[in-house]
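The values are calculated or read from the model by the stated rules, or taken from the named source; none is laboratory data. Being a predicted model, the structure only gives us computed values, none of them experimental. Cβ placement follows ideal geometry from the backbone for every residue including glycine, while neighbour counts extend to all protein chains displayed.
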Amino acid sequence: MAEYVPTDRELEALKVLWRRGPSTVREIYREIGREGPELAYTTVLSLLQTMEQKGLVGHRRSGRAYNYSAKVQREPTFRSLAEGFLEKVFDGALDQYVVHALQARRPDPDELDRLQKVIAEAKRHSQRREKKETQP
């Protein structure tokens with residue numbers, strides 16, 4: 001991911017680009033307007049220009065329009081944001097982070113299955129690491 005962590009508004013634009021792929025300012029403007037408070041077209045254009053300066057997006061000219069695309073990947077960006085939130089809000093206490101998330105919104109059965117798989121993999125990884133550390 002770029003050195004820069006996206007703001008909430010930048011994250012909105014990135015989500016549109018990750019979902020749609022390369023998109024014009026107008027397409028991004030319409031998508032963002034559906035998801036939250038409406039912004040002016042020129043505000044979205046300025047946002048994308050700023051994001052380009054930060055290395056979050058790039059553009060290609062297509063006739064009279066620019067097609068913007070994300071230069072950062074979704075999963076590493078989400079991991080970085082989650083890690084920052086974990087450190088900032090919970091002082092790195094992963095268990096508290098998960099407990100509060102589960103109390104805030106009850107997961108559906110598919111989400112619980114995914115969580116169980118991630119926890120099982122984390123346990124296996126932790127056990128392998130402990131085993132390596134105890135071997136001479």
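Being of a type in the set (A, V, I, L, M) and touching a Phe, Trp or Tyr at 6+ places or on another chain (Cβ under 7 Å) narrows it down to one of 17, 11, so name that one. Write out each step before concluding.
Numbers: 11 fails: touching a Phe, Trp or Tyr at 6+ places or on another chain (Cβ under 7 Å).
Step by step, each of 17, 11 is checked, and only 17 is of a type in the set (A, V, I, L, M) and touching a Phe, Trp or Tyr at 6+ places or on another chain (Cβ under 7 Å).
With region 70-136 as the region, which helices (runs of 4 or more DSSP H) entirely inside it contain at least 3 residues that are surrounded by fewer than 12 Cβ atoms within 10 Å (Cβ to Cβ), out of contact with any Cys (no Cβ under 6 Å at 6 or more places or on another chain) and modelled with pLDDT under 90? Give the steps one after another, and end with the answer.
Working: elements: 74-90, 94-104, 109-134.
The helices (runs of 4 or more DSSP H) meeting that bar are 109-134.
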query = In region 59-68, is there at least one residue being of a type in the set (Lys, Arg), surrounded by 11 or more Cβ atoms within 10 Å (Cβ to Cβ) and at pLDDT 95 or above?
reply = no
key: Residue count for region 55-90, restricted to those that are without any contact (Cβ under 8 Å) to a residue 12 or more places away in the chain, touching a Phe, Trp or Tyr at 6+ places or on another chain (Cβ under 9 Å) and under 16 Å from residue 17 (Cα atoms)   = 1
query = Got a number for residues in region 55-69 being touching a helix residue (DSSP H, G or I) at 6+ places or on another chain (Cβ under 8 Å) and either part of a loop (DSSP other than H, G, I, E, B) or β-branched (Val, Ile, Thr) (or both)?
reply = 2
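Tally up the residues in region 1-27 that are in contact with a Leu (Cβ under 7 Å, 6 or more places away or on another chain), in a helix (DSSP H, G or I) and of a type in the set (A, V, I, L, M, F, W, C), please. Give the derivation first.
If we filter region 1-27 for residues that are in contact with a Leu (Cβ under 7 Å, 6 or more places away or on another chain), which is where we start, we get 2, 4-6, 9-10, 13-14, 23, 25.
From what's left, in a helix (DSSP H, G or I): 9-10, 13-14, 25.
Retained after the next criterion (residues that are of a type in the set (A, V, I, L, M, F, W, C)): 13-14, 25.
Final tally of qualifying residues: 3.
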Selection within region 28-48 - surrounded by 13 or more Cβ atoms within 10 Å (Cβ to Cβ) and touching a helix residue (DSSP H, G or I) at 6+ places or on another chain (Cβ under 7 Å) = 28, 29, 31, 32, 39, 41, 44, 45, 47, 48
